[in-house]
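Everything below concerns the one structure shown next.
Nothing in this text is a laboratory measurement; each read-out follows from the coordinates by a stated rule. This one's a predicted model, so the numbers in the text were calculated from it and none came from an experiment. Cβ: placed from backbone, ideal geometry, glycine included. Neighbour counts: every protein chain shown.
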Amino acid sequence: MKKLLLIMMIVIMILSALTLVACAKNESEVVLTIDKKYDLSKGDKLIDYMEYLDEKDKLDYDEENGMIVSINDIDNSLNSYWMLYTDDPNNSNSQWGTYEYKGKTYYSATLGANELKISDDYTYIWVYQTF
């Protein structure tokens, strides 16, 4: 009986650990949906919204020469970069690449954060990818 109880406790501990790992946040994926409270007249580019999130301590990013080089302390490297995907059909191109998120396909953005006009109708996803 003691062995059975011990085995059950071990199984429960392992399952609990696996559950915690499964719930861990994916740090190489940053999903941005435009908050309905955000005033687009303050800036309608993605970089404006990212700055707004940065001021509210909800996002940390670095930009160099118009390129996002770091998000939440994950830096671009020799062959790994932050790539932008969106479901905005006017600002994306499926031939440049796709990304699956929660069963939906997003397409590579055709513009960078400094030029991409945002809308609260669409989602913008930064993905850290290695090529």
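Odds and ends about this structure:
- Three-way shape label, segment 91-131, alpha-carbon gyration tensor, a/c 1.5: oblate
- For GLU29, the amide hydrogen comes within under 5 Å of the amide hydrogens of TYR128, counting only partners 5 or more places away or on other chains and with H modelled in the peptide plane.
- Its alpha carbons give segment 27-130 an Rg and a Dmax of 12.9, 38 Å.
- Residue list for segment 107-121, given a label point 7 angstrom along the Cα-to-Cβ vector of SER41 and an amide N cut-off under 18 Å: 118-120
- The trypsin sites (Lys or Arg not before Pro) of segment 38-131 that meet both conditions, a loop assignment by DSSP and at most 16 other Cβ atoms within 10 Å of the site Cβ, are LYS56, LYS58, LYS102.
- Convex hull volume of segment 67-115 per residue (C-alpha atoms, cubic angstrom): 95 Å³
- Pairs from the table (LYS37/LYS58; LYS36/LYS117; LYS42/LYS104; LYS37/LYS117; LYS37/LYS104) lying more than 20 angstrom apart at Cα are LYS42/LYS104; LYS37/LYS104.
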